[in-house]
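So the structure is just underneath, and the comments pick up after that.
The values are calculated or read from the model by the stated rules, or taken from the named source; none is laboratory data. Quick caveat: nothing in here was measured; it's all calculated off a predicted structure. Glycine also receives a Cβ, built like all others from the backbone with ideal geometry; neighbour counts cover every protein chain displayed.
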C-alpha cells in the first residue's frame, strides 16, 4: 500500500520536470514581452479603449494624455515609448 503513493509522487515529479523544461524552452525574451505589451496598449488606444484611469498604474509622471495623443498621431513612436 505504501508503493502507490510513491508511484504517484514519481509521476507527479516527472510531470513537473517535463513542464518546467517545456516552459524554459518556449519562454519569450524580455524584448518580446515589451513588444507584446506595447502592441496591446497601442491597439487599445487606437480603438479608443483606454481612458485616463486605464493605465494609471504606470503613469507616475502624468504622461497619459501625451501617450494617447502620440498613439493616435504616430503609433510606431508610441510603441517605442511604451516599450521603454
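Can you run down the residue pairs with Cβ atoms below 8 Å, 6 or more apart or on separate chains, where the first is in region 59-82 and closer than 14 Å to residue 37 by Cβ and the partner is outside any helix (DSSP H, G or I) and at pLDDT below 70?
Matching pairs, first to second residue: 67/55.
Considering only residues that are modelled with pLDDT of 75 or more and surrounded by fewer than 10 Cβ atoms within 10 Å (Cβ to Cβ), which ones fall in region 29-55?
If the condition is that a residue be modelled with pLDDT of 75 or more and surrounded by fewer than 10 Cβ atoms within 10 Å (Cβ to Cβ), then 29, 30, 31 are the ones that fit.
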